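The values are calculated or read from the model by the stated rules, or taken from the named source; none is laboratory data. Just so it is clear, the structure is predicted and the values come from calculations on it, not from any experiment. Using ideal geometry, Cβ is built from the backbone for each residue, glycine included, and neighbour counts are taken over all protein chains shown. Ligands, DNA and RNA are stripped out before the accessible areas are found, and what is left, the full protein with its side chains, is counted by its heavy atoms. Shrake-Rupley method; radii C 1.70, N 1.55, O 1.52, S 1.80 Å.
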Amino acid sequence: MPTLRLVGRPFEGFENALQRQMDSFAASVDADVTFERDHRPLPEIHEELLDTGDIADGRYDLFLCLSDWLPMAADAGYLEPLDGRMAADPPEDWPEGWAESLRGLMAYDGTTYGVPYHDGPEIFHYREDCFESVDEQRAFREAYGRPLSVPRTWDEFLEVASFFTRPDEDMWGTVVAAKPDGHNDVYDFAIHLWSRGGQLLDDNGNPAFDSTEGREALRYYHDLIHEHEVAPPESVEMESVETGQFYADGKAAMMWNWSGFGAMAEDPDSAAFGRTNYGLIPRADAAAGEHTSLTVCYGLTVPAGSEHPDLAYDFIRHAASPENDRITTQEGASGTRFSTWRDPEILRSNTFYSILEEVNTGPVNTLPRIPEYTELNEILNEMVEAVVVDRSMSVEDGLAEADERARALLE
């Protein structure tokens, strides 16, 4: 009896959806098949499986791979190329059923290594009831001399966040995931950089973040917590799931975060239930400023060394079907197919899906698709940690040191 072994991060949405998909797969195939799931924190997966190469030692047949890691894992030979299997027996509607931005995240150097399973992108979440309150509108106009409206620029965002920050009422203008885990802290810096017209790398692949836009981005992120104090001080200890829950608990008026956390806010037991709306992430009020987003995704891949690569691919095809992609969404993760994003039932229960297609096919950014990205990411993570969390370095010194290290890495 074959056993397919999967490794991926712990997240209730993933775990519940995968269990349903595994159960239905086992019931649908001729061979008796069982599954084992190993859910580990992201830093542990990176340090114990990717850094060591043990992801490809034959222990696992399926890897729910973060798109940040895929170029390195593919370049190192840790993943099975899927092009041959996909040409012979592709997932239903492949490739037209998925946005190009997501398909690209599951490929490296012209070869496909995975199928998207769970998608961001990052979008703007806000408490619609706060903005529509007549009392709040009146008070805001008296304080700022303009109407209360959903912010379109970062300057407007800061004013609105300051207005709604009321610590004695356990209410904050915003919340950010600044925990130095190499994920949202780096993503937040990137979003602020891009929204000001900056870049992580230039067109020649050289570091470009130690710039005027980079200094503005990192300083703004630092100041939200420490100077303006519109985000709770515990933001420096919170990762993305915790900030999504913080917002769902009714403790923040706004946040930019993964679209999937709208599912938390729209849970009937959430304090934000029926009170949340979505929009574009603010931009800098400058000629180069633009409303941008970041998309990363988790994809189902087959580690090199798998004992059952064909059967593992069959499961990937199964999980990628329209029905199972809907299950991914219904269980609290975020499906990746156009058919799910456009499904009337999904839209009724998860209104944030109404902008997923626009964001994923619009000016959405991805992180550099280079094998060295995981090392570059750690450099950026340590920069944000030093400047924003430990406050042991200035914005200027943090960026300069990170730039020097990045150039040594990429030269």
Filter result (of a type outside the set (Val, Ile, Thr), open to solvent by less than 50 Å² (accessible area, probe 1.4 Å) and touching an Asp or Glu at 6+ places or on another chain (Cβ under 8 Å)) within segment 288-297
SER293, LEU294, CYS297
Residue count, segment 378-411, condition modelled with pLDDT under 95 and open to solvent by less than 60 Å² (accessible area, probe 1.4 Å), comes to 0
Can you tell me which residue is farthest from ASN184 (Cα to Cα) among those in segment 371-392 that are polar (S, T, N, Q) and part of a helix (DSSP H, G or I)?
THR374
Out of segment 130-150, which residues are surrounded by 15 or more Cβ atoms within 10 Å (Cβ to Cβ) and out of contact with any strand residue (DSSP E or B) (no Cβ under 8 Å at 6 or more places or on another chain)?
CYS130, PHE131, GLU136, GLN137, PHE140, LEU148
Result of the Cβ filter at 9 Å on segment 346-357, keeping first residues that are closer than 10 Å to GLU266 by Cβ and partners that are at pLDDT 85 or above and among the hydrophobic types (A, V, I, L, M, F, W, C), at least 6 apart or interchain, is PHE352/ILE123; PHE352/PHE261; PHE352/ALA265
Taking the stated definitions as given, is TYR113 modelled with pLDDT of 95 or more, open to solvent by less than 30 Å² (accessible area, probe 1.4 Å), among the hydroxyl-bearing types (Ser, Thr, Tyr) and touching a helix residue (DSSP H, G or I) at 6+ places or on another chain (Cβ under 7 Å)?
yes
Being more than 26 Å from ARG326 (Cα to Cα), open to solvent by 10 Å² or more (accessible area, probe 1.4 Å), touching an Asp or Glu at 6+ places or on another chain (Cβ under 8 Å) and at pLDDT 95 or above: is that true of ASP75 here?
yes
Checked against (1) assigned to a helix (DSSP H, G or I); (2) in contact with a strand residue (DSSP E or B) (Cβ under 8 Å, 6 or more places away or on another chain); (3) hydrophobic (A, V, I, L, M, F, W, C); (4) under 19 Å from LEU294 (Cα atoms), LEU367 satisfies every condition except (1)
Any residue in segment 197-213 that is touching a residue at least 60 places away in the same chain (Cβ under 8 Å) and either within 17 Å of ASP170 (Cα to Cα) or assigned to a helix (DSSP H, G or I) (or both)?
yes
Scanning segment 1-46 for residues that are among the hydroxyl-bearing types (Ser, Thr, Tyr) and open to solvent by 40 Å² or more (accessible area, probe 1.4 Å) gives SER24, SER28, THR34
Hey, could you check segment 319-345 for residues that are farther than 25 Å from TYR187 by Cβ and without any contact (Cβ under 8 Å) to a residue 24 or more places away in the chain and say which is surrounded by the fewest Cβ atoms within 10 Å (Cβ to Cβ)?
PRO344
Picked from segment 256-287 (must be assigned to a helix (DSSP H, G or I) and hydrophobic (A, V, I, L, M, F, W, C)), the residue most open to solvent (accessible area, probe 1.4 Å) is MET264
Out of segment 53-71, which residues are of a type outside the set (Gly, Ala, Ser), within 16 Å of PRO371 (Cα to Cα) and surrounded by fewer than 21 Cβ atoms within 10 Å (Cβ to Cβ)?
none
Among residues of segment 346-369 being over 13 Å from GLY120 (Cα atoms) and β-branched (Val, Ile, Thr), the residue surrounded by the fewest Cβ atoms within 10 Å (Cβ to Cβ) is THR351
Kindly indicate which of ASP249, ASP223, ASP202, ASP210 is modelled with pLDDT of 95 or more and crowded, with 17+ Cβ neighbours inside 10 Å.
ASP210
Filtered residue count, segment 135-150, keeping only those that are free of Cβ contacts under 8 Å to residues at least 40 places away in the same chain, out of contact with any Cys (no Cβ under 9 Å at 6 or more places or on another chain) and either within 23 Å of ALA217 (Cβ to Cβ) or not in a helix (DSSP H, G or I) (or both):
4
Give segment 151-195 a look and list any residue that's in a loop (DSSP other than H, G, I, E, B), open to solvent by less than 50 Å² (accessible area, probe 1.4 Å) and farther than 15 Å from LEU224 by Cβ, or say none.
PRO180, ASP181, GLY182, HIS183
